[in-house]
1. Pulled fully out, how much extra length does the chain show between Cys72 and Lys48, if you take 0.36 nm times their separation in residues and subtract their Cα-Cα distance?
2. Tell me the per residue accessible area of the chain using a 1.4 Å probe; a whole number in Å² is fine.
3. For the chain, with only Lys/Arg (+1) and Asp/Glu (-1) charged at the beta-carbon, what is the dipole magnitude about the Cα centre, in debye rounded to 20?
4. For region 74-134 and region 22-64, what is the centre-to-centre distance using only Cα atoms, to the nearest Å?
5. Would you kindly work out the equivalent ellipsoid of region 12-56 from its C-alpha gyration tensor and give its semi-axes, the square roots of five times the eigenvalues, largest first in whole Å?
6. Using only the alpha carbons of region 47-154, what is the convex hull's orientation-averaged projected area in square nanometres?
7. Please report, as a whole percent, how much of the solvent-accessible surface of region 106-185 comes from carbon and sulfur atoms (probe radius 1.4 Å).
8. Which of the pairs Lys52/Lys142; Lys115/Lys191; Lys163/Lys191 have their Cα atoms more than 24 Å apart in this structure?
Amino acid sequence: MIKLKEAHFLSSASNFRQAPQAECAEIVCVGRSNVGKSSFINLFTGQKGLAKSSSTPGKTQLINFFNLVFECNGERVPLKLIDLPGFGYAKVSKQIKASWEKNLLDFLCQRRSIKLFLHLIDSRHIGLENDRRVEEFLSSIKLGDQKILKVYTKADKLKNGEKKRFLARGEILISTLKTEHTMPLQELHLKIFQDALGRE
Ligand SMILES: Nc1nc2c(ncn2[C@@H]2O[C@H](COP(=O)(O)OP(=O)(O)OP(=O)(O)O)[C@@H](O)[C@H]2O)c(=O)[nH]1
Ligand SMILES: [Mg+2]
């Protein structure tokens, strides 16, 4: 039995060098702008305003670190959750965008304490070119002690039949609105906790 006991914002960084010291296993949310990465953090921690979300793509512009503490069989287990800016959107010049993306890619490659990459995908739009690029990139940099997990967002926009098909395939389907036919929070906690720590 595990329980999420604490979740706090730690700090922000714009690149790998500014990141806080790596003290524990880390989980990072990766995906297109507006897919629901920041909303996922709020759902996962049960704190609505912890990560800033917005209907305007490009809301998250820095690498944001959150400290979590789980309790597992009486033991306190720290983990870090990381929110990233999205790929593929920014109302800035091409040059600035390229430098942001380079910072992100460098961070993902170099931050060895990341043990779990959560690739968030909009459940209505499977197989987009941008998502295929993210998937290829993550597979190409992944080390032996790192895992990739796909998380399908915005389930409330799907019909019930479509939701059930995701679940029948064993996919992780979530929603910040209607949680019917989505993965229960306790199950999501357990899956992500175990994958981040390499536990079975
Ligand atoms: N209907 C619905 N809307 C959602 C869900 N999750 C997120 N959203 C909405 O989608 C929009 C984008 O959410 P964010 O969490 O800011 O997305 P993000 O991936 O962090 O975006 P960037 O920071 O721009 O990369 C917001 O308007 C959210 O309210 C969901 O499960 N269902
Ligand atoms: Mg965001």
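1. Extra length available between Cys72 and Lys48 comes to 6.2 nm.
2. 53 Å²
3. With only Lys, Arg, Asp and Glu charged at Cβ, the dipole is about 540 debye.
4. Centre-to-centre distance over Cα atoms comes out at 10 Å.
5. Working: eigenvalues 88, 39, 20 Å².
Calculated on Cα positions only, the semi-axes equal 21, 14, 10 Å.
6. Details: hull surface 33.6 nm².
With the hull built on Cα positions only, its mean projection is 8.4 nm².
7. Within region 106-185, the accessible surface is 49 percent carbon and sulfur.
8. Working: Lys52/Lys142 28 Å; Lys115/Lys191 13 Å; Lys163/Lys191 19 Å.
Over 24 Å apart, Cα to Cα: Lys52/Lys142.
The values are calculated or read from the model by the stated rules, or taken from the named source; none is laboratory data. For clarity, every value in this text was computed on a predicted model and none was experimentally measured. Glycine also receives a Cβ, built like all others from the backbone with ideal geometry; neighbour counts cover every protein chain displayed. Surface accessibility is based on the protein's heavy atoms, side chains included, excluding ligands, DNA and RNA. Shrake-Rupley method; radii C 1.70, N 1.55, O 1.52, S 1.80 Å.
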